[in-house]
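I'd like to ask you about the structure that follows.
The values are calculated or read from the model by the stated rules, or taken from the named source; none is laboratory data. Just so you know, these numbers come straight off a predicted model, no measurement behind them. As a convention, Cβ positions derive from the backbone with ideal geometry for all residues, glycine included, and neighbour counts pool all protein chains shown. Please note that ligands, DNA and RNA were not included when accessible areas were found on the heavy atoms of the full protein model with its side chains. Shrake-Rupley method; radii C 1.70, N 1.55, O 1.52, S 1.80 Å.
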Amino acid sequence: MSTLKQVVDVLETLYPLRYAEHWDAPGLIVGDPARQVRRIVFAADPTAAVVDAAIAGHADLLVTHHPLLFRAAHEVSAIGAHGDVVR
């Protein structure tokens with residue numbers, strides 16, 4: 001079993017952050033690096049439907065091409081769409 005940090009390290013080795021555009025938002029967005037990861041789901045976008053499917057499939061990690069938070073976020077409460085996905 002791997003930790004989230006180990007998975008992120010592998011992903012960042014395969015896809016180095018230095019190749020990201022200056023406006024891009026790569027890297028870990030939400031999560032505890034010490035958390036154990038057994039099952040990973042990959043998707044293009046972190047939509048509510050994708051998150052629901054990952055949860056239903058007992059995924060520990062969702063890796064997406066497009067980030068959940070692309071610009072500065074001031075909150076991620078359940079009031080807004082981003083907070084709803086994080087919750």
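Does residue 25 satisfy the criteria of being open to solvent by less than 70 Å² (accessible area, probe 1.4 Å), in a helix (DSSP H, G or I) and small (Gly, Ala, Ser)?
So residue 25 does not fit the description; no.
Looking at the stretch 1-43, which of its residues are at pLDDT 95 or above and β-branched (Val, Ile, Thr)?
Answer for the stretch 1-43, where residues must be at pLDDT 95 or above and β-branched (Val, Ile, Thr): 3, 7, 8, 10, 13, 37, 40, 41.
For the stretch 21-70, enumerate the residues that are charged (D, E, K, R), within 12 Å of the chain's Cα centre (by Cα) and closer than 17 Å to residue 6 by Cβ.
32, 60
Which pairs do you get when a residue that is more than 23 Å from residue 15 (Cα to Cα) and of a type outside the set (A, V, I, L, M, F, W, C), found in the stretch 46-72, comes within reach of a residue that is surrounded by fewer than 17 Cβ atoms within 10 Å (Cβ to Cβ) and modelled with pLDDT of 90 or more, reach meaning Cβ atoms under 9 angstrom, with the pair 6+ apart or on two chains?
The qualifying pairs are 57/39; 58/38; 58/39.
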